[in-house]
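Dropping the structure in here first, questions after.
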Amino acid sequence: MSEHTLPGTFRLDRSRSAALQVYEHLRELIVTLALPPGAVLSRNELAGYFDVSVTPVRDALARLDDEKLVEVFPQHATRVRAVDLSSAREAHFLRLSVELELVHGLAQRRDPQLAARLLELVERQRACLERGDLASFTAVDMEFHRTLYDAALLTGLWERLRDGSGNLDRLRRLHLPLNNKAQSILEQHAEIARAIGDGDAARAQSWVRKHLSGTLSELDALRERYPDFVLPVH
């Protein structure tokens, strides 16, 4: 890599699509900010790192370009893009709309076992935060929300929403260490779980709205703190 070396080594699973594995790995590095905006992605160097031909690398980069996570310059280098706010806002609107309806339906079922599983995840998140492991904290955060979709038999919808949320996820990762955001997430997750267990649909929706709206309400502060990460609004 010309500006940023990919961390560690990568072992390709020959039983799975090479392009998909390249895409998944690069996307994870971009979303977790291990590859920051401006990082140069050389096709030849990526092919060497992943031990594949240039073709699956090109296909993976094209998919990341569609998600507005990278910018591909034909015959030139590809660079990681700054956070695209239009993409982040669209992902936020869609996810908020879905999850408001989702928790309403789950709360009407009044499922104490689901509430208990969700609260167990909150405690796992708390343990991650106490040891300062924000990467694992974020992974359990995703597991909490996926559990909601699984419970509603909407796992496929979760996957589709995740595919379009890369820019929103980068904003959330930037926000996580600031203003006690991680502690707020613990509180909000616990309240969502309790509302579902109590069968209180309105309360569950209220906490989901608060939970999912926090990062976008801090855009100005995030842009000021991380000017190289967040594109200005035109």
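The values are calculated or read from the model by the stated rules, or taken from the named source; none is laboratory data. Please read all numbers here as calculations on a predicted model, not as lab measurements. Here the Cβ is made from the backbone with ideal geometry for all residues, glycine too, and neighbour counts use every protein chain on show. SASA here: full protein model, heavy atoms, side chains in, ligands and nucleic acids out. Shrake-Rupley method; radii C 1.70, N 1.55, O 1.52, S 1.80 Å.
Of all residues in the stretch 62-85 being touching a helix residue (DSSP H, G or I) at 6+ places or on another chain (Cβ under 8 Å) and assigned to a loop (DSSP other than H, G, I, E, B), which is surrounded by the most Cβ atoms within 10 Å (Cβ to Cβ)?
At the first step, the residues of the stretch 62-85 found to be touching a helix residue (DSSP H, G or I) at 6+ places or on another chain (Cβ under 8 Å) are 63-64, 67-72, 78, 80, 83-85.
Imposing the further condition that a residue be assigned to a loop (DSSP other than H, G, I, E, B) reduces the set to 67-69, 84.
Numbers: 67: 20, 68: 18, 69: 24, 84: 19.
That would be 69.
Looking at the stretch 190-208, can you tell me whether even one residue there is of a type in the set (Val, Ile, Thr), within 15 Å of the chain's Cα centre (by Cα) and under 20 Å from residue 139 (Cβ atoms)? It would help to see each step written out before you state the result.
Filtering the stretch 190-208 for residues of a type in the set (Val, Ile, Thr) gives 192, 196, 208.
Next, only the ones that are within 15 Å of the chain's Cα centre (by Cα) stay: none.
No, every residue in the stretch 190-208 fails to be of a type in the set (Val, Ile, Thr), within 15 Å of the chain's Cα centre (by Cα) and under 20 Å from residue 139 (Cβ atoms).
Counting only residues that are open to solvent by less than 30 Å² (accessible area, probe 1.4 Å) and among the aliphatic types (A, V, I, L, M), which one in the stretch 136-151 is nearest to the chain's Cα centre (by Cα)?
Here the residue is 140.
Provide a single number: the residues in the stretch 25-61 that are assigned to a loop (DSSP other than H, G, I, E, B) and either under 21 Å from residue 228 (Cβ atoms) or open to solvent by less than 10 Å² (accessible area, probe 1.4 Å) (or both).
Residues meeting the conditions: 9.
Check residue 95 against each of (1) assigned to a helix (DSSP H, G or I); (2) without any contact (Cβ under 8 Å) to a residue 60 or more places away in the chain; (3) charged (D, E, K, R) and name the one condition it does not meet.
Single failed check for residue 95: (2).
Looking at (1) out of contact with any helix residue (DSSP H, G or I) (no Cβ under 8 Å at 6 or more places or on another chain); (2) outside any helix (DSSP H, G or I); (3) over 24 Å from residue 26 (Cα atoms), find the lone condition where residue 220 falls short.
(2)
Still on this model: For the condition exposed (fewer than 14 other Cβ atoms within 10 Å of the Cβ) and either farther than 29 Å from residue 107 by Cα or free of Cβ contacts under 8 Å to residues at least 24 places away in the same chain (or both), what is the one hit in 191, 159? Please lay out each step first, then the result.
Values: 191 fails: exposed (fewer than 14 other Cβ atoms within 10 Å of the Cβ).
Being exposed (fewer than 14 other Cβ atoms within 10 Å of the Cβ) and either farther than 29 Å from residue 107 by Cα or free of Cβ contacts under 8 Å to residues at least 24 places away in the same chain (or both) holds for just one of 191, 159, which is 159.
Going through the stretch 143-193 one residue at a time, which ones are touching a Phe, Trp or Tyr at 6+ places or on another chain (Cβ under 9 Å) and not in a helix (DSSP H, G or I)?
Passing the criteria: only 176.
Separate question: Suppose we keep only residues that are without any contact (Cβ under 8 Å) to a residue 24 or more places away in the chain and over 22 Å from residue 98 (Cα atoms) within the stretch 194-230. Which one would you say is most open to solvent (accessible area, probe 1.4 Å)?
Across the stretch 194-230, the extreme among qualifying residues is 224.
With respect to the numbered conditions (1) buried (at least 17 other Cβ atoms within 10 Å of the Cβ); (2) of a type in the set (A, V, I, L, M, F, W, C); (3) not in a helix (DSSP H, G or I), which one is the sole condition not fulfilled by residue 128?
Unmet for residue 128, out of (1) buried (at least 17 other Cβ atoms within 10 Å of the Cβ); (2) of a type in the set (A, V, I, L, M, F, W, C); (3) not in a helix (DSSP H, G or I): (3).
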